[in-house]
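Novice: Have a look at this one before I ask anything.
Only the coordinates and a few stated rules stand behind these numbers; no lab work does. What you are looking at is a predicted structure, and each value in this text was computed from that prediction instead of being measured. Virtual Cβ from ideal backbone geometry, glycine too; neighbours counted across all protein chains shown.
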Amino acid sequence: MIYVDIETIPACRWEDFSPGDMVRMPKSYKVGSSAYRAEFQKRAREAWLGTALDSSRGRIIAVSWATDPDLEPYVLVNPDERALLTSFRDALVFDSVDCLSDWITFAGERFDLPWLRHRAMSHGVPDLAWRIPRRRYQTEDVLNLWAGTNSGGKYKLADIARVLGIPCKLDLPEGKHVAEFMVELTIAGRYNDIAAYAKADVVTTRAIYHRIADNQRSKW
């Protein structure tokens with residue numbers, strides 16, 4: 001069993017970003033006006049931050065994982081994505097973790113796991129790519145376990161933890177705000193803070209998973 005979380009950022013710097021057709025402006029703005037330029041810059045930056053959610057445009061800055069239900073999670077933070085993924089691959093090999101292991105994530109079926117597989121293939125680390133599960137029956141997504149039949153519901157990790165009385169980083173960004181937070185930390189070289197954030201996600205995900213599993217066992 002392995003609990004996993006990743007943190008992502010845009011692949012390029014804001015200064016080097018070319019939005020192309022990613023920014024659509026309302027016709028109410030006069031082209032060339034100061035209001036037009038200001039709004040365009042705002043939307044362009046939002047588009048740039050949005051690339052941190054797209055595995056074809058962003059990159060992984062951190063991976064945190066745990067293979068034991070009680071021990072402190074491991075974490076890797078490296079602006080060199082290929083080196084990061086290679087180190088993660090080496091750790092999985094050492095712990096004999098592969099696609100047949102139980103991978104536990106929060107919203108990872110659509111994010112963390114595809115990202116890891118796509119970025120590994122992009123950097124030519126196939127022995128990592130094949131270790132990442134590709135089918136739902138190979139994973140347990142805590143978000144889905146919590147949602148149950150309400151699969152379209154929107155739930156945040158911190159909110160679920162609060163309901164269950166599990167301590168977590170309630171004062172830190174979530175959702176779309178995480179990318180900007182990670183960018184700020186990366187630019188400032190605050191890799192220890194990135195590591196702490198990623199670790200906290202894994203610790204919380206693991207605690208929620210076991211709370212749900214315990215409740216399911218007690219039902220029977």
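Novice: Test of understanding: ordering 93, 77 by Cβ neighbours within 10 Å, fewest first, what list do you get?
Specialist: Details: 93 13, 77 22.
With the fewest neighbours first, 93, 77 line up as 93, 77.
Novice: I need 100, 49, 85 ordered by Cβ neighbour count within 10 Å, fewest first.
Specialist: Working: 100 9, 49 21, 85 24.
Least to most surrounded, the residues fall as 100, 49, 85.
Novice: A follow-up question, please. In µm²/s, what is D for the chain at 25 °C and 0.890 mPa s, where D = kT/(6 pi eta Rh) by Stokes-Einstein and Rh is the Kirkwood radius from Cα pairs? Mind dumping the intermediate values first?
Specialist: On the way: Rh = 18.7 Å.
Translational diffusion coefficient: 131 µm²/s.
Novice: By count of other Cβ within 10 Å, fewest leading, how are 130, 48 ordered?
Specialist: Ranking 130, 48 by Cβ neighbours within 10 Å, fewest first, gives 130, 48.
Novice: Cut-off under 27 Å on the C-alpha distance; same-chain residues fewer than 8 positions from residue 169 excluded. Which lysines are left, in chain and number order?
Specialist: 154, 156, 199
Novice: Can you give the relative contact order of segment 1-119 as a percent, counting alpha carbon pairs under 8 Å and 6+ residues apart?
Specialist: Details: 141 pairs, mean separation 44.9, N = 119.
For segment 1-119, the relative contact order is 38 percent.
Novice: Right, here's the next one. Would you grab the residues whose amide H sits under 5 Å from the one on residue 8? Only those 5+ places off in sequence or on another chain, please, with H modelled 1.01 Å from N.
Specialist: Close amide H contacts, sequence-distant or interchain: 61.
Novice: Among the aspartates and glutamates, which have Cα under 20 Å from the Cα of residue 27 when same-chain residues fewer than 8 positions away are ignored?
Specialist: The reachable aspartates and glutamates, counting only those whose Cα sits under 20 Å from residue 27, are 39, 46.
Novice: I would also like to ask the following. What is the spin-label model distance, in nm, from residue 46 to residue 70 if the labels are put 7 Å beyond Cα along the C-beta direction?
Specialist: According to this spin-label approximation, the distance is 4.9 nm.
Novice: Measuring from label point to label point, each 7 Å out along Cα→Cβ, what is the residue 31 to residue 83 span in nm?
Specialist: Taking the simple label geometry, residue 31 and residue 83 are separated by 4.5 nm.
Novice: So how far apart, in nm, are the two label points at residue 100 and residue 16 if each is 7 Å from Cα heading toward Cβ?
Specialist: In this crude label model, residue 100 to residue 16 measures out at 4.2 nm.
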